[in-house]
1. Between the range 34-80 and the range 183-247, what is the separation of their alpha carbon centroids in Å?
2. Between residue 491 and residue 267, what is the label-to-label distance in nm when each label sits 7 Å out along the Cα-to-Cβ direction?
3. Taking neighbour Cβ counts within 10 Å as the exposure measure, how do 131, 368 sort from fewest upward?
4. Suppose each label sits 7 Å from its Cα in the direction of the beta carbon; what would the residue 123-residue 477 distance come out to in nanometres?
5. Which shape class applies to the range 100-187: rounded if a/c is under 1.5, otherwise prolate when a/b exceeds b/c and oblate if not, where a ≥ b ≥ c are the square roots of the Cα gyration tensor eigenvalues?
6. In 5 Å bins starting at zero, report the fraction of Cα pairs in the range 414-517 per bin as a rounded %.
7. Kindly express, to the nearest 10 degrees and within the range 0 to 90, the angle between helix 29-45's C-alpha long axis and the longest C-alpha principal axis of the chain.
8. What FRET efficiency comes out for residue 387 versus residue 357 if R0 is 22 angstrom and r is the Cβ-Cβ distance? Round to the nearest 0.05.
């Protein structure tokens, strides 16, 4: 199926039903379906060929999402632009990925005006929600176009998105995902987050729809369900929407879940409608995961994926977090679940040999889920996809029960005195301290050890601990080699727009200082 076919499946099931809610405004499948058709027909009337690159610069917004659906309906390629990025990062993405069509919200008109002369490849500018000086409104631009579905031929390997990745570690690369890879993701999602016949999901899009939340909304609409769009990352808005709209599924990064768990009275709120609270994008503290299950119920749903293998290499179902009515052991809870059925996952050595169960190496994936490649970077593609295997850059192992464990990113591993130290193992111990809200463990220069283990810690509001107390906790649990040699405290760890801790930003000042001494 083409990606737009999933929206059309829900449109056929529930044409007059509510597809999206934003604030107090509801949008039916008919309304958004017809708008996406007018957008697609206009794009085709301009003579733009398939896989033309189009971007939508917007916060979470239903009409903006309809522009993405319109691009897909015309079999064109969406460039996700995160409104929380810096303007320079988005400029790089739009230019490097050859954007030709730009839909944008009027809130970003000033930034667009500053960048426009530097983006000569963009030939068509459309302001979604207003008439702008240099761009027509979406309504004016699409006026007179038929609201019927255009007949558009597609191939399963046509590119539906060029998504930036690698921005936390360097210049973003453009990941080319296709109808085939996205279809495989949707199949995995619907197998993990299943609903009974006739039961319609209610999905909450609280994280940026330019990232995981947008993709996760597609299976919901495919079932004729409703997507509740949250326009800003406000915990009160999210919590009210869950109860008011009877939300059944939502995705939140672990950092957001940690903050929710600290809200006074959170355990008294109504989460009875929730069936699947999905977490991922970063490792999660086992202790905080247990607390989340106690508060939200047996609904926690783990996941592991990459932009290169969208969102579903492995899934950790709610029932797998428990054994009977007790928590599963910490070993299982620290995993990302079992590999999904439509991919093959193996752990490989540096020489690309498949390792036995239990041994640690690089996690590699093959199957219809993986990307087509990196946009205009054949060398990077060849380095990453070898003999059909996507080399994820993640280190881990598969245990005897088939659960996949992530140890760390290759580039985040610390080599201290000749020993490999995996930061995630140290972070799990630190997360278990009641005063710690979040933390990151990095390697810093050290004359004796080459690299020394350093922890950077965010504390819960109103709580205290000391550097020595945290170091001794890690020594007792992990031994001296893996324990931090020092701890810094911060009020806010640097994070990407989707909540990942930017370890390169944490490391940079220490390594720059070391370089200046040489």
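1. For the range 34-80 versus the range 183-247, the Cα centre distance is 21 Å.
2. 3.0
3. If I rank by nearby Cβ atoms, fewest first, I get 131, 368.
4. With each label point 7 Å from Cα toward Cβ, the separation is 5.7 nm.
5. oblate
6. Taking all Cα pairs of the range 414-517, the binned fractions are 2, 12, 24, 24, 20, 12, 4, 1 percent.
7. The helix 29-45 is inclined about 70 degrees to the chain.
8. FRET efficiency, residue 387 to residue 357: 0.55.
Since every read-out is calculated from the coordinates, none of them should be taken as a lab result. The model shown is predicted, which means the values in this text are computed figures rather than measured ones. Reconstructed Cβ throughout: ideal geometry from the backbone, glycine too, with neighbour counts over all protein chains shown.
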